[in-house]
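The structure under discussion appears below in the form of structure tokens.
The values are calculated or read from the model by the stated rules, or taken from the named source; none is laboratory data. These figures come from a predicted structure and were not determined experimentally. Cβ placement follows ideal geometry from the backbone for every residue including glycine, while neighbour counts extend to all protein chains displayed. The protein model used for the area step is the full one, side chains on, heavy atoms only, and it has no ligands, DNA or RNA in it. Shrake-Rupley method; radii C 1.70, N 1.55, O 1.52, S 1.80 Å.
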Amino acid sequence: MFVRIPMKIPRRLIVLACSLSAFSLAAAQTPAASATLTVRADQPGPVINKNIYGHFAEHLGRCIYEGIWVGEDSPIPNTRGIRNDVVAALKNLNIPVLRWPGGCFADEYHWKDGIGPREQRPKVYNSHWGGVVENNHFGTHEFLDLCEQLGTEPYLAINVGSGSVQEMMQWIEYVTSDGPTPMADLRRANGRDKPWKVKYLGIGNESWGCGGSMRAEFYADLYRQYQEFAKNYGDNRVFKIAGGANSDDYHWTETLMKFAKDRMHGLSLHYYTLPTGNWRGSKGKSTGFDEAQWITTFRRTLHMDTLVTKHSEIMDKYDPEKKVGLVVDEWGTWYDVEPGTNPGFLYQQNTLRDALVAALNFHIFHKHADRVYMANIAQTVNVLQAMILTDKEKMILTPTYHVFEMYKVHQGGTYLPIELKTPDYALGEEKIPAVSATASRDADKRIHLSLANTNPREAIALSTKLEGVSAKKVSGRILTAPAIDSHNTFDAPTVVAPQTFTGATLKDGMLSLTLPAKSVVVLTIE
Ligand code: AHR
């Protein structure tokens with residue numbers, strides 16, 4: 001639905017009108033179809049690792065520079081150069097872990113370029129992303145300061161492609177050794193007395209591609225060599241993550257598990273959702289897309305379930321005790337860049353469609369909580385499926401941000417299996433389940449039930465049986481909007497924002513609600 005609004009109406013009223021219409025639209029829909037769900041709270045599953053809600057921030061476009069780092073002299077309010085508005089917004093997501101400095105950038109990053117007095121740090125060429133000058137003002141100290149400000153665990157991506165074993169060893173020593181050792185002394189000389197705790201180390205990134213174009217067999221041996229020198233200092237214990245497969249490269253996983261499973265704590269997997277599935281041509285637009293691209297995007301993102309299932313099956317073969325965690329350390333949507341922006345900056349808008357993509361992926365990761373140890377969305381600010389977009393001093397929260405915020409109640413919860421019978425949502429040749437769901441129980445015994453309706457035209461009546469729960473109270477929030485490509489802008493920042501959802505009722509152990517078209521609903525049941 002497109003409503004033309006005369007120019008004279010003040011923008012704030014337009015925003016309010018949009019939000020209200022989204023809300024009343026949600027409230028007024030009559031369901032055309034129905035679904036049933038059983039939540040097996042009587043058969044609790046594994047813990048949902050909070051790291052599934054992890055992030056990834058690369059030296060790419062305006063993610064680090066402007067998005068996070070503005071420098072101490074910036075008029076944008078900052079703490080030691082890191083912008084305060086972004087930190088405050090991200091803190092509200094309880095980000096458990098943050099991967100840095102890449103991505104492809106990691107395999108050409110030399111950490112010593114990013115320490116010491118900033119004005120003396122070398123300016124280097126960012127060959128992967130936009131060919132811009134990297135001044136190295138955001139380096140190891142700044143990243144670890146960001147992690148401390150956010151209360152998040154750092155995850156360092158080690159340069160295997162163009163670095164060396166010695167370079168990696170010295171970086172680990174620099175950040176985690178209390179000394180007296182040369183690197184600990186260097187850190188002290190640069191103003192940090194005590195070492196940091198750095199647990200997560202990714203040894204290489206996309207070593208099959210931008211990280212070195214290696215064969216699985218070659219990388220497996222290289223990984224074995226590198227990991228041997230990833231040392232523990234004091235009581236710091238490193239968690240070694242081997243670079244994993246590109247989407248459905250099962251041979252890669254097989255090879256790594258076969259030759260290195262006893263030398264890793266995690267194995268990664270990268271999968272991006274492109275509406276067209278075409279890496280070489282147009283990937284699809286981030287806004288102004290049609291319903292055909294809406295449904296195709298979901299079909300492609302649901303492929304994550306197949307990938308996690310099949311990679312897990314291979315891992316199960318070599319590691320039936322599930323000691324090695326699957327680390328999906330890059331996932332999310334990837335569209336054509338916004339017109340007029342640097343193609344190497346990967347800047348894209350973020351709509352209600354992205355919110356549903358995030359929800360569907362969380363449902364998949366929860367379902368595989370026995371194997372999925374961590375997932376890191378690409379990327380935190382201004383790049384790909386971002387939480388936050390900035391325009392100099394301005395900042396907006398995206399629909400994806402809101403799903404991360406609404407879903408944080410699942411972090412560290414106990415997964416509750418579900419049985420779902422849902423109608424399909426079909427368009428032309430495409431067909432996907434209309435409803436998707438996930439449930440967990442938190443430490444205070446509250447049940448959190450999250451639901452998504454991918455059908456953009458039809459509400460669905462949902463009856464839910466709660467096995468093993470004596471529920472007395474239900475409350476909730478909903479994320480929906482008037483159009484499939486509704487999004488927030490710097491002029492209208494709350495077009496897509498969570499609202500209170502009062503449409504769920506409890507009677508005789510049954511939970512009933514109408515799940516509005518194109519919506520995400522998160523319920524808390526007590
Ligand atoms: O997230 C953008 C890029 O996608 C990363 O740098 C790389 O690892 C992947 O190909």
Task: Calculated over the chain: convex hull of Cα atoms, volume per residue (Å³) - done: 150 Å³
TODO: Once you have the Cα-Cα distance between residue 235 and residue 490, take 0.36 nm times their residue separation minus that, and quote the gain in nm to one decimal.
DONE: 87.2 nm
- [ ] State the volume of the convex hull built on the alpha-carbon positions of region 163-230, expressed per residue in Å³ and rounded to an integer.
- [x] 90 Å³
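How large is the charge dipole for region 330-459, taken about the Cα centre, if only the Cβ atoms of Lys, Arg (+1) and Asp, Glu (-1) carry charge, to the nearest 20 debye?
Roughly 400 debye for region 330-459.
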Open item on the list: Quick check: the distance between the Cα centres of region 471-513 and region 394-469, to the nearest angstrom?
Closed with: 11 Å
Task: At R0 = 60 Å, FRET efficiency that the Cβ-Cβ distance of residue 421 and residue 127 yields, to 0.05 - done: 0.70
Task: Radius of gyration and maximum dimension Dmax of region 163-291, Cα, Å - done: 18.8, 62
TODO: Could you tell me what percent of the accessible area of region 230-278 is made up of carbon and sulfur, with a 1.4 Å probe and every protein chain present?
DONE: 41 percent
Open item on the list: Can you compute the modelled spin-label distance between residue 445 and residue 228, with each label point 7 Å from Cα toward Cβ, in nm?
Closed with: 5.4 nm
Task: Computed Kirkwood radius, in angstrom, where 1/r is averaged over Cα pairs of region 206-252 - done: 11.9 Å
Open item on the list: Just the number please: accessible area per residue for the chain, 1.4 Å probe, all protein chains included, in Å².
Closed with: 40 Å²
Task: Exceeding the 31 Å Cα-Cα cut-off - candidates 431/473; 367/473; 283/518 - done: 431/473
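Sort largest first and round to whole Å: the equivalent ellipsoid semi-axes of region 73-218, each the square root of five times a Cα gyration tensor eigenvalue.
24, 19, 17
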Task: Over region 79-165, relative contact order from alpha-carbon pairs under 8 Å, at least 6 apart, % - done: 42 percent
Open item on the list: Run the helix sum for the chain: -39,500 (n - 2.57) per DSSP H stretch of 4+ residues, divided by residue count, reported at 222 nm to the nearest 500 deg cm²/dmol.
Closed with: -8000 deg cm²/dmol
Open item on the list: Show me, bin by bin at 5 Å from 0, the whole-percent P(r) of region 448-526 based on Cα pairs.
Closed with: 3, 14, 25, 22, 15, 10, 6, 4, 1, 0
Task: Candidate residues 291, 72: accessible-area rank, largest first, probe 1.4 Å - done: 72, 291
- [ ] Grab every C-alpha pair in region 306-430, bin the distances at 5 angstrom width from 0 up to the longest one, and report whole percents.
- [x] 2, 9, 16, 18, 17, 15, 12, 7, 3, 1, 0
Task: Rg/Rh for region 423-482, where both radii come from Cα atoms and Rh is the Kirkwood radius - done: 1.04
- [ ] Once every Cα of region 68-134 carries one equal point scatterer and solvent is ignored, give the base-10 log of I(q)/I(0) from the Debye formula at q = 0.24, 0.25 Å⁻¹, two decimals.
- [x] -1.18, -1.17
Task: Dipole moment magnitude, nearest 20 debye, the chain about Cα centre, only Lys, Arg, Asp, Glu C-beta charged - done: 1060 debye
Open item on the list: Could you give the length gained by full extension between residue 323 and residue 30, i.e. 0.36 nm per residue of separation minus their alpha carbon distance, to one decimal place?
Closed with: 100.7 nm
Task: Span from the region 189-213 Cα centroid across to the region 59-138 one, whole angstrom - done: 15 Å
Open item on the list: Can you give me the distance in nm between label points at residue 310 and residue 217, each placed 7 Å from the Cα along the Cα-to-Cβ direction?
Closed with: 2.2 nm
Open item on the list: If the reach is capped at under 20 angstrom between alpha carbons, list the lysines near residue 472, excluding any in the same chain fewer than eight residues apart.
Closed with: 445, 507
TODO: List the lysines whose Cα lies under 29 Å from the Cα of residue 112, skipping any in the same chain that are fewer than 8 positions away.
DONE: 91, 123, 194, 197, 199, 231, 240, 392
Open item on the list: What distance in nm separates the two pseudo spin-label positions at residue 279 and residue 47, each 7 Å out from Cα along the beta-carbon direction?
Closed with: 3.6 nm
Task: Coil-residue GluC sites (Glu not before Pro) of region 393-452, DSSP, other Cβ within 10 Å capped at 14 - done: 393, 429
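Expressed as a fraction of 2.2 N^0.38 Å, the rule-of-thumb size for a compact globular protein of N residues, what is the C-alpha radius of gyration of region 389-512? Mind dumping the intermediate values first?
Working: Rg = 16.8 Å, N = 124, 2.2 N^0.38 = 13.7 Å.
In units of the 2.2 N^0.38 Å rule of thumb, it is 1.22.
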- [ ] State to the nearest 20 debye the size of the charge dipole of region 79-219 about its Cα centre, where the only charges are +1 on K and R beta carbons and -1 on D and E beta carbons.
- [x] 280 debye
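If r is the Cβ-Cβ distance from residue 526 to residue 248 and R0 is 56 Å, what FRET efficiency results, to the nearest 0.05?
With a Förster radius of 56 Å, E is 0.85.
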Task: Dipole of the chain, positive direction: furthest Cα of 389, 30, 110, with charges on the beta-carbon - done: 30
- [ ] List the trypsin sites (Lys or Arg not before Pro) within region 65-117 that fall in a DSSP loop (any state other than H, G, I, E or B) and whose Cβ has at most 16 other Cβ atoms within 10 Å.
- [x] 80
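Considering Cα pairs under 8 angstrom that are at least six residues apart, work out the relative contact order of the chain and quote it in whole percent.
21 percent
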TODO: Figure the gain on full extension for residue 500 and residue 467 (residue separation times 0.36 nm, minus the Cα-Cα span) and round it to one decimal in nm.
DONE: 9.3 nm
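Rounded to a whole number, what % of the accessible area of region 403-526 do carbon and sulfur atoms account for, probe 1.4 Å? Could you put the intermediate results ahead of the total?
Numbers: 2350 of 4920 Å².
Reported share for carbon and sulfur atoms: 48 percent.
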